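Computed from the coordinates by the stated procedures, all read-outs in this text should not be read as laboratory data. Note that the structure is a prediction, hence the values are computed from the model and not measured. Here the Cβ positions follow ideal geometry from the backbone for every residue, glycine too, while neighbour counts run over all protein chains shown.
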Amino acid sequence: MTKASFSRRGAIAALGIGALSLRSLPAAAAEPVLGDDGLYQLDWYLQSFLDLKEDLDGATAKGKRFAILWGLKGCPFCRKLHEVHMRDPAIESYIRDNFEVLHLNHIGAREVTDFDGSKLSEKAFAQAYGIRFTPSLQFFPESADGLAGKKPQDREVARMPGLLEPPEFLAMFKYVREKGYQSMPFTDWLKRPV
């Protein structure tokens, strides 16, 4: 056997092993796109008529939970959320598979129909719910039943005001999906033995 043929065989074997190992890597998360409004978008974010009851009912019908993500043009933490957190395939796939996420603009003018039927601009809706930071996430129950009669913040089952580090960020989505909010606050849920 010549040195050249050994090198060729070694290279072919290495390529084969390399190709096999690529199959075991998780798929890359979707690339965020910066929209005309200055908000980062992912192709799987909910495209909506901005009727929250319909959006919640639609998410529940798909076996998913409904969440609102608040963003703002130029927000450095919104950028980090999309370029770091949502680029992690484990985080992105868990959220995509288990949640319908509606992305709203903290100072936006689009009309949102709230659970009680009132129509507010995104900005007025954010004010009514006391959204003060971006990004913020609001999580809602599986059913809109009874939400119309509650005060805005009492309609949520959980809220993430600001950006958590990636492990806690993912944990918040699991907390909501697993209904941890029914038995304990999020901070206690994080401390529980897994």
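Which far-off residues, 5 or more places away or on another chain, put their amide H under 5 Å from the one on V112, with H placed in the peptide plane?
L120, S121, E122
I'd like the orientation of helix 52-61 relative to the chain: the angle between its Cα long axis and the longest Cα principal axis, in ° from 0 to 90, rounded to 10.
For 52-61 against the chain, the angle is about 50 degrees.
Could you run the Karplus curve 6.51 cos²θ - 1.76 cosθ + 1.60 with θ = phi - 60° over segment 113-120 and give me ³J(HN,Hα) per residue in whole Hz, x for Gly and Pro?
Computed from phi, the couplings for segment 113-120 are 9, 6, 4, 8, x, 5, 10, 9 Hz.
Rounded if a/c is under 1.5, else prolate if a/b beats b/c, else oblate: with a ≥ b ≥ c from the C-alpha gyration tensor eigenvalues square-rooted, which is segment 73-194?
Oblate is the answer for segment 73-194, as a/c is 1.5 or above yet b/c matches or exceeds a/b.
Please give the Cα centre distance for segment 42-86 versus segment 166-194, rounded to the nearest Å.
19 Å
Using Cα atoms only, what is the angle between the long axis of helix 3-24 and the major principal axis of the chain, expressed in degrees (0 to 90) to the nearest 10?
On a 0 to 90 degree scale, this one is about 20.
So who's got an amide H within less than 5 Å of the one on S136, skipping anything under 5 residues away but keeping other chains? H placed 1.01 Å off N, in plane.
W70, G162
Taking a ≥ b ≥ c as the square roots of the eigenvalues of the Cα gyration tensor of segment 64-139, is the shape rounded (a/c under 1.5), prolate (a/b larger than b/c) or oblate?
Note, shape of segment 64-139 comes out oblate.
What do you get for trypsin sites (Lys or Arg not before Pro) in segment 151-194 restricted to DSSP loop and a cutoff of at most 13 other Cβ within 10 Å of the site's Cβ?
For trypsin sites (Lys or Arg not before Pro) across segment 151-194 that sit outside H, G, I, E and B with at most 13 neighbouring Cβ atoms in 10 Å, the list reads K179.
When the Karplus curve 6.51 cos²θ - 1.76 cosθ + 1.60 is applied with θ = phi - 60°, which whole-Hz ³J(HN,Hα) does each residue of segment 77-87 get, with x for Gly and Pro?
For segment 77-87, the Karplus curve yields 7, 5, 4, 4, 3, 7, 8, 10, 4, 7, 8 Hz.
For a label point 7 Å from the Cα of F133 along Cα→C-beta, name the residues of segment 100-116 whose backbone N is under 17 Å from it.
Of the residues in segment 100-116, 106 have backbone N under 17 Å from the label point off F133.
Ordered by packing density, taken as the mean number of other Cβ atoms within 10 Å over each peptide's residues, highest first, how do 46-59, 138-151, 68-81 rank?
Ranking the peptides 46-59, 138-151, 68-81 by packing returns 68-81, 46-59, 138-151.
How far apart, in nanometres, would the label points at E178 and F77 be if each is projected 7 angstrom from Cα along the Cα-to-Cβ direction?
2.5 nm
If you take every DSSP beta bridge fully contained in segment 33-190, what fraction is antiparallel? Give it as a percent rounded to 5.
Antiparallel bridges: around 60 percent, rounded to the nearest 5.
Determine the calculated [θ] at 222 nm for the chain from helices alone, applying -39500 (n - 2.57) to every DSSP H run no shorter than 4 residues and normalising by the residue count; nearest 500 deg cm²/dmol.
So the helix-based figure for the chain works out to -11500 deg cm²/dmol.
Using 7 Å Cα-to-Cβ label points, what is the V33/K151 separation (nm, one decimal)?
Result for the modelled spin labels: 4.1 nm.
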